[in-house]
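Reviewing the structure listed below.
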Amino acid sequence: MTFRSPNKKIELEGVRYVEGIVQNSESIFRHFDKDDQGNDCYVEFVVNGLTTNYGIFAQIKSGKTYKDKMGYKIPANNAHIKYWNQPLYKSIGIVYDPEIKKAFWVDFQSISRIILKF
């Protein structure tokens, strides 16, 4: 037998939540299932039924460990911060809180740890 992380269910719940938000806005959600090296998905924006060729990459984190007294956060080392801040497209972090069934986005370029509700 192989080990499956107990947090896997919560991780998938967060990805599905974000995917639902994107789909409900009629934009395009592309999940990266394999070889996650810092981004979990790409979202391409659709406006009035037309694809825009504009979008964002997102790192999605789920669970209680990504919230503290100051708000929601995604801990990262310098290599990840540099990776997220030097893309061709903007990268954002999204933290899904399974207790309240909501997601919040984190701007990697900002010093602030909690920015806006997603």
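In table form, for the structure just shown:
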{"item": "Phi to ³J(HN,Hα) by Karplus 6.51 cos²θ - 1.76 cosθ + 1.60 over the stretch 92-101, Hz, x for Gly, Pro", "result": "10, x, 10, 10, 9, 9, x, 6, 10, 6"}
{"item": "Value of [θ]222 nm, deg cm²/dmol, for the chain, DSSP H segments ≥ 4, -39500 (n - 2.57) each, nearest 500", "result": "-6500 deg cm²/dmol"}
{"item": "Alpha carbon convex hull of the stretch 1-90, volume per residue in cubic angstrom", "result": "140 Å³"}
{"item": "Charge tally in the Cβ shell below 10 Å around residue 56, where Lys, Arg are +1 and Asp, Glu are -1, residue 56 excluded", "result": "0"}
{"item": "Phi to ³J(HN,Hα) by Karplus 6.51 cos²θ - 1.76 cosθ + 1.60 over the stretch 58-63, Hz, x for Gly, Pro", "result": "9, 9, 9, 10, 9, x"}
{"item": "Average Cα contact separation per residue, the chain, under 8 Å, 6 or more apart, as relative contact order %", "result": "21 percent"}
{"item": "Whole-number accessible area per residue in Å² for the chain, which is evaluated in the context of all protein chains at 1.4 Å", "result": "68 Å²"}
{"item": "Top positive-direction residue, dipole computed over the stretch 1-88 with Cβ charges, set 32, 49, 80", "result": "80"}
{"item": "Cβ-placed point charges (K, R +1; D, E -1), dipole of the chain about Cα centre in debye, nearest 20", "result": "420 debye"}
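The values are calculated or read from the model by the stated rules, or taken from the named source; none is laboratory data. Treat the numbers as computed from the prediction; the structure is a model and nothing was measured. Using ideal geometry, Cβ is built from the backbone for each residue, glycine included, and neighbour counts are taken over all protein chains shown. Each accessible area value is taken on the protein alone, full model and side chains, heavy atoms only, with ligands, DNA and RNA left out. Shrake-Rupley method; radii C 1.70, N 1.55, O 1.52, S 1.80 Å.
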